[in-house]
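Below is one structure, written out as structure tokens, with a few remarks after it.
Quick note: the coordinates plus some simple rules give every number you see, no bench work behind them. What you see is a predicted model; the values in this text were computed from it and never measured. Using ideal geometry, Cβ is built from the backbone for each residue, glycine included, and neighbour counts are taken over all protein chains shown.
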Amino acid sequence: MSQTIVTPIGANAESEHLDAIHQENPHLAHHYDTPRHQYEAGKLGIWIFLVTEILFFAGLFCAYTIYRTERPEVFNWGHQFLDWRLGGLNTIILLTSSLTAAWAVRCAQIGYRRALIVNIVATIALAFGFLGIKYVEYSHKFHEGLLPGHHFAPSEEAWEIESFRAKHPHAADLAEALEAYQASREKAEKSGKAHHDAKAVEGQIAPVVPSRLRELLRNPEATQPLVDIGAIRNPEVEPQEGLLRPKYAHVFFSIYFFMTGLHGIHVIAGIIVWIWLLRRTIAGHFGPKFFGPIDFGALYWHLVDLIWIFLFPLLYLVS
Amino acid sequence: MTNSAERQVMSAATDQHQIVSDDHGYSHTISTRLMVAVYAALVVLTVTTVAVARVELGHPWNFVAAMVIASLKGGLVVAFFMHLVWDRKFNLLLFLTAILFLILFLGLSLNDRSEYQPSIDAFESAQTAASTP
């Protein structure tokens with residue numbers, strides 16, 4: 001009886017068998033033979049989509065790479081305006097949401113509907129948490145004028161930021177003192193009082209300004225390019241990398257907003273997908289025989305996490 | 001006849017079942033313990049990358065360390081959360097193709113940028129000359 005099925009009767013039997021499979025599996029589309037067949041096709045499809053997503057983001061990663069190798073000082077300056085604690089917290093939030101997404105797939109495969117709902121809701125909640133922190137970060141940047149391109153009008157200098165002061169307290173004190181000195185000198189020059197006020201300011205800044213620099217300050221001609229605070233190299237001063245705003249500083253925020261913005265759009269799309277999956281789960285669509293959509297949604301979500309895993313050190317942890 | 005055909009379809013199904021050597025249905029199910037272990041490793045690596053960034057390692061090394069840690073994290077996500085270790089190898093091939101083209105894209109663009117460095121420098125000095133009369 002071990003003959004192969006080539007006879008019309010055999011083919012008929014096979015199609016009858018497939019009809020039975022289709023009747024048992026209401027979510028099996030007519031052009032697939034078995035649920036497994038449908039699942040594998042869907043999985044291949046989502047992986048091809050993820051490949052296009054990786055290459056889509058590659059354009060921005062390329063812009064980042066080119067610009068960072070060309071102008072590293074822009075990144076040394078710009079990253080100080082990002083709070084690594086918020087970025088780190090968002091990393092943990094996304095990693096946790098990846099865990100709940102993976103857990104959701106497991107629950108769908110085993111058929112734990114209640115646990116599946118809990119995991120999807122947790123994933124959506126974490127995604128909103130991520131966007132909430134992103135909102136706090138963005139609104140802070142908007143408020144400080146740290147915007148891309150022509151909108152770039154920063155209201156703070158690098159040395160005024162808490163993180164810079166924590167790292168280089170001496171350089172921050174010096175920069176502030178020099179700024180005060182310069183302001184006073186300009187005021188004095190405007191009112192024609194020559195450098196009388198400068199003497200008074202010098203008394204105030206003396207504790208923080210090194211002796212060699214104080215000598216320079218007494219001689220107005222020698223301190224002509226005072227604007228160039230970062231260019232002052234003094235053995236008594238700490239390294240001041242990232243102190244002075246570089247010429248193309250605004251590009252950092254163009255890259256920051258485009259990379260995190262595109263990622264944020266993907267998070268929003270992910271939330272929409274999860275809400276759709278939640279509705280279908282509640283309707284009782286998923287179980288051990290049909291869990292493809294949950295699996296594919298989770299794969300997309302993991303990719304969003306994967307991209308953030310790289311964005312976090314590239315933008316927040318520049319050193 | 002009908003019985004034999006049915007048996008063939010059925011045995012084909014069981015064969016496929018064995019090829020994937022899964023413990024549930026037609027796809028691998030990740031164990032809770034492994035999932036939590038991967039998550040714990042990801043959190044530890046996140047803390048590590050923040051800690052390493054606060055230590056001065058010299059010019060390229062901070063960047064190299066950050067990228068190595070990020071790649072490890074990405075590897076964990078792709079291998080376990082995204083099931084690639086148990087999946088059909090064709091899906092792994094697709095992923096690796098994306099990475100290959102990403103590297104080609106970045107590598108060739110970087111190479112091109114170095115080629116144009118003299119033009120960039122010339123443009124820069126011309127601009128500086130124009131802005132300072």
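Numbers for the structure displayed
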| read-out | value |
| --- | --- |
| Highest average packing first - A:120-128, A:68-76, Cβ atoms within 10 Å | A:120-128, A:68-76 |
| Histogram of C-alpha separations across the range B:29-131, 10 Å bin width, % | 12, 25, 28, 20, 9, 5, 1 |
| In the range B:31-79, trypsin sites (Lys or Arg not before Pro) in a DSSP loop with at most 11 other beta-carbon atoms within 10 Å | B:Arg54 |
| Cβ-based exposure ranking for A:Cys62, A:Cys107, in which fewest neighbours within 10 Å come first | A:Cys62, A:Cys107 |
| Distant-in-sequence amide H partners of A:Asp83 (H built 1.01 Å from N, under 5 Å) | none |
| Separation of alpha-carbon centers, the range A:60-125 and the range B:90-133, rounded to whole Å | 27 Å |
| Within the range B:29-131: Cβ-based charge dipole about Cα centre, in debye rounded to nearest 20 (Lys, Arg +1; Asp, Glu -1) | 660 debye |
